[in-house]
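Shown next, in structure tokens, is the structure this report addresses.
The values are calculated or read from the model by the stated rules, or taken from the named source; none is laboratory data. On a predicted model such as this, the values are computed, not experimentally measured, just so you know. No Cβ is skipped: glycine too gets one built from the backbone with ideal geometry, and neighbour counts run over all protein chains shown. For accessibility, only protein heavy atoms count, side chains too; no ligands or nucleic acids. Shrake-Rupley method; radii C 1.70, N 1.55, O 1.52, S 1.80 Å.
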Amino acid sequence: MDIENSYRGRSLGKGLLLRAKADAEKARFNIVFLCTDHIGYYEKYGFTYIGDGYHPWGSSSRIYESNNLNNHPLG
């Protein structure tokens with residue numbers, strides 16, 4: 001997920017992330033994972049850093065998980 005610079009600061013990322021978590025919960029997924037280079041953003045939405053992952057093309061990124069979908073309101 002990436003928000004174009006001209007649209008940043010409008011809580012669009014928050015809305016997309018919370019919608020993705022809600023859709024995962026509705027589909028009965030108990031854990032949501034994501035890979036990112038960002039530090040400090042996803043923790044606000046219940047994600048916990050669990051380690052680094054390595055991509056087939058050689059780069060790496062941080063892996064986060066959220067297994068407490070019910071504990072974070074969608075507002």
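Residue ranking by accessible heavy-atom surface, 1.4 Å probe, largest first, among 62, 10, 28 comes out as 28, 10, 62.
As a fraction of the 1.4 Å probe accessible area of the chain, surface on carbon and sulfur atoms comes out at 51 percent. When shorter helices are ignored and each DSSP H run of at least 4 residues is given -39500 (n - 2.57), the per-residue value for the chain at 222 nm works out to -6500 deg cm²/dmol.
A Cβ-based charge dipole, computed about the Cα centre of region 1-69 with Lys and Arg at +1 and Asp and Glu at -1, lands at about 320 debye. A 1.4 Å probe run over the chain, with the rest of the protein chains in place, finds 74 Å² accessible per residue.
Using the Cα centre of the chain as origin and beta-carbon charges of +1 (Lys, Arg) and -1 (Asp, Glu), tell me which of 58, 33, 45 is placed farthest towards the positive end of the dipole. Farthest towards the positive pole: 45. Label sites at residue 7 and residue 54, each approximated as a point 7 angstrom past Cα along Cα to Cβ, lie 3.5 nm apart. Each of [x] 12.0, 37; [y] 13.2, 44; [z] 13.1, 37 is a candidate for Rg and Dmax of the Cα atoms in Å; the one calculated from this structure is [z]. Normalised by the number of residues in the chain, the average gap of Cα pairs under 8 Å and 6 or more apart makes the relative contact order 30 percent.
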